[in-house]
Amino acid sequence: MKREIHGWHSPSLNKHMEIAMYGHYGTAILLLPTAAADYLEYERFHLIDAISKHINDGKVKVFSINSINSESWLNNRMHPRHKAMRHQQFNDYVYNEVVPFIRNMTSPDTKIITCGASFGALHSANLFFRRPDLINGVIAMSGNYNLSTYTDGYHDEDVYFNSPMEYLPGLNDDFILPRIKASKNIHILTGSGDWETPDASRRFSALLNAKEIPHELDVWGPDMPHDWTTWRAMLPYYLETRL
């Protein structure tokens with residue numbers, strides 16, 4: 001498997017940010033880490049191995065970036081307002097730096113699908129729903145799509161506009177909403193086993209249905225916990241059957 005590590009000093013975040021790239025061709029899959037993990041998390045937990053066939057066959061080219069959750073929502077020493085500001089900087093990093101990098105490493109016409117598990121599912125969904133002109137779809141695994149779950153009661157405009165469960169009900173933008181509805185790749189996946197919260201995915205699916213946004217909700221069984229064994233089963237299956 002072709003594997004490269006790239007990085008640059010991010011103007012948006014004012015720090016060096018690495019990105020791992022796997023493969024040579026195909027739909028671009030942008031991986032968002034769980035919790036406070038780094039750009040090699042999906043490799044360490046063997047999810048890259050689990051999808052290696054699709055990478056080697058040229059079906060997908062995978063890009064995995066760092067989280068900055070430890071500098072925002074998961075940093076209990078930061079003021080909540082500063083957490084929100086840091087998260088906005090992360091969005092800018094993805095849209096203004098990572099997306100152009102992916103385009104440069106693929107082509108201007110290559111589809112980009114965000115993907116993540118747990119906290120990464122929320123981020124991957126949020127990145128797509130906010131900018132469907134840049135991101136073409138999402139595969140979100142075991143997520144909770146209300147950011148206020150992570151904000152310890154703090155709420156402001158930046159929390160609102162990074163929490164899909166909050167902003168999507170009022171979204172009627174003539175530019176954004178039609179592009180969301182045109183996507184063929186909105187997949188909301190969850191297990192029903194230990195530590196999973198399948199009702200969070202069901203609530204999000206109900207919201208998408210209310211907005212007439214085509215999507216797929218897939219609730220796996222009680223043998224699927226909130227853990228890597230589940231995500232190593234889910235993602236290769238979806239790359240095989242949906243892309």
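For the range 31-40, indicate whether the set of residues that are in a strand (DSSP E or B) and either within 25 Å of G58 (Cβ to Cβ) or touching a Phe, Trp or Tyr at 6+ places or on another chain (Cβ under 9 Å) (or both) is non-empty. Lay out the reasoning, then the answer.
Of the range 31-40, the ones in a strand (DSSP E or B) are 31-32.
Cutting the leftovers down to either within 25 Å of G58 (Cβ to Cβ) or touching a Phe, Trp or Tyr at 6+ places or on another chain (Cβ under 9 Å) (or both) gives us 31-32.
There is at least one residue in the range 31-40 that is in a strand (DSSP E or B) and either within 25 Å of G58 (Cβ to Cβ) or touching a Phe, Trp or Tyr at 6+ places or on another chain (Cβ under 9 Å) (or both).
I'd like to check something: does the range 155-169 contain any residue that is aliphatic (A, V, I, L, M), part of a helix (DSSP H, G or I) and at pLDDT 95 or above?
First pass over the range 155-169, keeping only residues aliphatic (A, V, I, L, M): 159, 165, 168.
Now drop any that are not part of a helix (DSSP H, G or I), which leaves 159, 165, 168.
Keeping just the survivors that are at pLDDT 95 or above gives 165, 168.
Among the residues of the range 155-169, at least one is aliphatic (A, V, I, L, M), part of a helix (DSSP H, G or I) and at pLDDT 95 or above, which makes the answer yes.
In the range 41-50, how many residues are more than 21 Å from H16 (Cα to Cα) and either crowded, with 16+ Cβ neighbours inside 10 Å or among the polar types (S, T, N, Q) (or both)?
Residues in the range 41-50 being more than 21 Å from H16 (Cα to Cα) and either crowded, with 16+ Cβ neighbours inside 10 Å or among the polar types (S, T, N, Q) (or both): 4 in total.
L217 - would you say it is within 28 Å of H46 (Cα to Cα), not small (G, A, S) and not in a loop (DSSP other than H, G, I, E, B)?
Numbers: within 28 Å of H46 (Cα to Cα): yes; not small (G, A, S): yes; not in a loop (DSSP other than H, G, I, E, B): yes.
For L217, the condition - within 28 Å of H46 (Cα to Cα), not small (G, A, S) and not in a loop (DSSP other than H, G, I, E, B) - is met.
Check N126, N144 and return the single one that is surrounded by 15 or more Cβ atoms within 10 Å (Cβ to Cβ) and either part of a loop (DSSP other than H, G, I, E, B) or of a type in the set (D, E, K, R) (or both). Walk me through how you get there before you give the answer.
Numbers: N126 fails: either part of a loop (DSSP other than H, G, I, E, B) or of a type in the set (D, E, K, R) (or both).
Answer to the selection: N144.
Among L177, L189, L171, L207, which is closer than 25 Å to M224 by Cβ and in contact with a Leu (Cβ under 7 Å, 6 or more places away or on another chain)? Break it down stepwise before answering.
On the way: L177 fails: closer than 25 Å to M224 by Cβ; L189 fails: in contact with a Leu (Cβ under 7 Å, 6 or more places away or on another chain); L171 fails: closer than 25 Å to M224 by Cβ.
None of the others qualify; the one that does is L207.
I need the full set of residues from the range 74-109 which are touching a residue at least 12 places away in the same chain (Cβ under 8 Å), touching a Lys or Arg at 6+ places or on another chain (Cβ under 7 Å) and outside any helix (DSSP H, G or I), in order please.
Of everything in the range 74-109, just one residue is touching a residue at least 12 places away in the same chain (Cβ under 8 Å), touching a Lys or Arg at 6+ places or on another chain (Cβ under 7 Å) and outside any helix (DSSP H, G or I), namely T106.
Just for the range 41-64: of the residues that are aliphatic (A, V, I, L, M) and either out of contact with any strand residue (DSSP E or B) (no Cβ under 9 Å at 6 or more places or on another chain) or not in a helix (DSSP H, G or I) (or both), which one is nearest to K15 (Cα to Cα)?
So the first thing to find is which residues in the range 41-64 are aliphatic (A, V, I, L, M), and the list is 47-48, 50-51, 55, 60, 62.
Applying the additional criterion that residues be either out of contact with any strand residue (DSSP E or B) (no Cβ under 9 Å at 6 or more places or on another chain) or not in a helix (DSSP H, G or I) (or both) yields 50-51, 60, 62.
Values: A50: 31, I51: 30, V60: 28, V62: 23 Å.
Step by step, filter the range 41-64, then rank; the result is V62.
Suppose we keep only residues that are over 21 Å from T34 (Cβ atoms) and surrounded by 14 or more Cβ atoms within 10 Å (Cβ to Cβ) within the range 217-243. Which one would you say is modelled with the lowest pLDDT?
L243
Within the range 110-123, work out how many residues are of a type outside the set (A, V, I, L, M) and not in a helix (DSSP H, G or I).
Here is the first cut: in the range 110-123, the residues of a type outside the set (A, V, I, L, M) are 110-111, 114-116, 118-120, 123.
Within this subset, residues satisfying the condition of being not in a helix (DSSP H, G or I) are 110-111, 114-116, 118.
Within the range 110-123, residues that are of a type outside the set (A, V, I, L, M) and not in a helix (DSSP H, G or I) number 6.
Step by step: first the residues of the range 62-84, then only those that are modelled with pLDDT of 95 or more and of a type in the set (A, V, I, L, M), then the one that is farthest from E157 (Cα to Cα). Which residue is that?
Here the residue is V62.
Which one of K15, K53 is of a type in the set (D, E, K, R) and either under 30 Å from E240 (Cα atoms) or buried (at least 17 other Cβ atoms within 10 Å of the Cβ) (or both)?
On the way: K15 fails: either under 30 Å from E240 (Cα atoms) or buried (at least 17 other Cβ atoms within 10 Å of the Cβ) (or both).
The unique qualifying residue is K53.
If the Cβ limit is 7 Å and pairs must be 6+ apart or interchain, which residue in the range 20-31 that is on the phi > 0 side of the Ramachandran plot pairs with which residue that is among the β-branched types (V, I, T)?
Going by the 7 Å Cβ cut-off, the qualifying pairs are G23/I55; G23/V60; G23/V62; G26/V60.
Name the one entry in L208, L177 that is part of a helix (DSSP H, G or I), of a type outside the set (F, W, Y) and buried (at least 19 other Cβ atoms within 10 Å of the Cβ).
Details: L177 fails: buried (at least 19 other Cβ atoms within 10 Å of the Cβ).
Result: L208 is the single residue among L208, L177 that is part of a helix (DSSP H, G or I), of a type outside the set (F, W, Y) and buried (at least 19 other Cβ atoms within 10 Å of the Cβ).
Does the range 65-73 contain at least one residue that is surrounded by fewer than 22 Cβ atoms within 10 Å (Cβ to Cβ), in contact with a Lys or Arg (Cβ under 9 Å, 6 or more places away or on another chain) and in a helix (DSSP H, G or I)?
yes
Can you pull out every residue in the range 182-201 that is within 17 Å of P214 (Cα to Cα) and more than 18 Å from the chain's Cα centre (by Cα)?
Here is the first cut: in the range 182-201, the ones within 17 Å of P214 (Cα to Cα) are 182-189, 201.
Scanning the range 182-201 gives a single hit, A182.
The values are calculated or read from the model by the stated rules, or taken from the named source; none is laboratory data. Just so it is clear, the model here is predicted, and its values are computed rather than measured. Ideal geometry is used to build each Cβ from the backbone, glycine not excepted, and the neighbour counts take in all protein chains shown.
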